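As structure tokens, the structure follows; a few thoughts come after it.
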Amino acid sequence: MARIFQTVAPGGAGRGRRKLCGLCLRSLLLVAACWAAACSSDRVRITGRMVGGDSRTVYLEEVTPLAQTLVDSAQLDEAGSYRLELRGAGRTPSLYNLIYDGDRIPLFLRGGDRLTVSAAGRPVGNYTVEGSEESETLRLFYQPFVAGMMRLDALAMRFDGCARGDEEAIRRLKTEYRAEYLAVKREQLRFIVEHKASLAAVYALYQRLPGDNSLFSPESDVIYYRMVADAVEERYPDSSYLPSLAGEIARMDARIDLVSNISEAGYPDVALPDMFGRTIRLGESEGKVVLVDFWSAELGNSNAINAELKELYARYADRGFEIYQIGVDRSKELWIAAVQEQRLPWISVCDFRGANSPVLGLYNVRKVPTNFLIDRQGTVVARDLYGVALERALEARFD
């Protein structure tokens, strides 16, 4: 570069000066073209050293919502050095894992990145990363969080090893565990707030401590998700993670709406539309024995069950038995056709969100079909009763 901007010595001919200026221009254009090509490259190169471990191979793994796929591997040389290359990387960073000696190092990579990732000893606790701003930011969260998880695991093992009856030792361990848990949780939330415009914050949103089903609480998590989604959209408007965040926010909003309808009896009093668009509340059947039944017309695995339910419904409906059947479907046409073709006589409702329906979370539904039996007092007394078992449960309440 110094030669390109070198001035012409006094007394030089004008024609020579013009030649040199033409050379300068061509050189500048060549450098600019090379720089632009490097920036727009879809290749990622990762180099570094891994020492102190037993493995002699490092792997690069692509992480998507549906799978984790190995995309490259490399052997360490005698000094522990390696080189990996990824092709086809996008313009916005995506999540990958560098795997060594059983540990995964999360990285956000995009086309044109040139990273150096090294570690001595166990990688997860002391790796360093250079050449990727998002990956460096992610390390600031990941290493302390993993260290906190390990401390919690160690405390849990000490708790399991306590002698029965040693109440004082158990009390101290519970206090210590709670303090450590809160410290890790506070750091997680602080990181998310301070780095809300980074993809590292998206990663942090989805990490859970032992026993957690939510980031902080089901009611307030949406605040953090919305804050991160808005900031990331401004910085990375084409990020593939934005649709997932939007879907998560929509589910949380819907769940909050549903939770507000929980009845005093203690069961989630959902309100969903029937095939005519009329909203029907589960609580409208209060005072009856109600079977809340989750099924799917799309899966087609509940036809025989529906046939058995029709027999029981015909026998007990006049005595105070009701079925509130929730379709776990997305296709309105298919669901309505199944309800009509099977001539289902009970309450049939569906919100057409399929597996993303917040009602599934309220009832902790992990598979379909699933059902819950609620007695006249509004208490859930049984789950997943079918055939003879359901018939006996109804006989006990009506005979």
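Modelled label positions at ALA337 and ALA317, each set 7 Å beyond Cα in the direction of Cβ, lie 2.5 nm from each other. Counting pairwise Cα distances across the stretch 149-254, what percent come out greater than 23 angstrom? Summing the P(r) tail past 23 Å for the stretch 149-254 gives 40 percent.
With the full set of protein chains in place, find how many percent of the accessible area of the chain is carbon and sulfur; take the probe as 1.4 Å. Reported share for carbon and sulfur atoms: 52 percent. Overall dimensions of the chain, expressed as equivalent-ellipsoid semi-axes from the Cα gyration tensor (√(5λ), whole Å, largest first), are 58, 30, 19. Summary of the geometry: the stretch 346-393 and the stretch 304-333, compared by the centres of their Cα atoms, lie 11 Å apart.
Largest mean-square fluctuation among LEU138, LEU115, LEU182, in a Gaussian network model of the chain whose springs join Cα atoms under 10 Å apart, belongs to LEU182.
Counting only heavy atoms of the protein chains and using a 1.4 Å probe, ARG278 has close to 140 Å² of accessible surface.
Stretching ASP42 away from LEU209 to a fully extended chain increases their span by 56.6 nm, per 0.36 nm per residue minus the current alpha-carbon distance. Given their separation in residues at 0.36 nm each and the Cα-Cα distance between them, MET275 and ASP375 gain 33.4 nm when the chain is fully extended. If you take the Cα centroid of the stretch 224-255 and the Cα centroid of the stretch 63-94, the two points sit 27 Å apart.
Structural descriptor for the chain: relative contact order 9 percent, calculated from alpha carbon pairs under 8 angstrom and at least 6 residues apart. On C-alpha positions alone, give me the angle between the axis of helix 14-39 and the longest principal axis of the chain, in degrees, nearest 10. Taking Cα atoms only, the helix is inclined about 20 degrees. With a cut-off of 12 Å between beta carbons, the residues surrounding ARG172 carry a summed charge of 0, where Lys and Arg count +1 and Asp and Glu -1. Restriction of the chymotrypsin sites (Phe, Trp or Tyr not before Pro) in the stretch 192-294 to DSSP coil positions whose beta-carbon has at most 12 other beta-carbons within 10 angstrom yields TYR206, PHE276. Helices in the chain, meaning DSSP H runs of at least 4 residues, each add -39500 (n - 2.57). Divided by all residues, the mean residue ellipticity at 222 nm is -13500 deg cm²/dmol.
For the stretch 66-153, compute Rg over Rh where Rg is the Cα radius of gyration and Rh is the Kirkwood radius from the inverse mean 1/r over Cα pairs. That ratio equals 0.96. Structure remark: mean-square fluctuation, Gaussian network model of the chain, C-alpha springs under 10 Å; the largest value among ARG251, ARG56, ARG178 belongs to ARG178. Which residue, LEU385, LEU242, LEU60, tops the fluctuation ranking in a GNM of the chain built on C-alpha contacts under 10 Å? Ranking LEU385, LEU242, LEU60 by mean-square fluctuation puts LEU385 first.
The values are calculated or read from the model by the stated rules, or taken from the named source; none is laboratory data. Values in this document were obtained by computation on a predicted structure and should not be read as measured data. Methodologically, a virtual Cβ is constructed for each residue, glycine included, from the backbone with ideal geometry; neighbour enumeration extends over all protein chains shown. Protein only, heavy atoms only, side chains kept; ligands, DNA and RNA dropped before computing areas. Shrake-Rupley method; radii C 1.70, N 1.55, O 1.52, S 1.80 Å.
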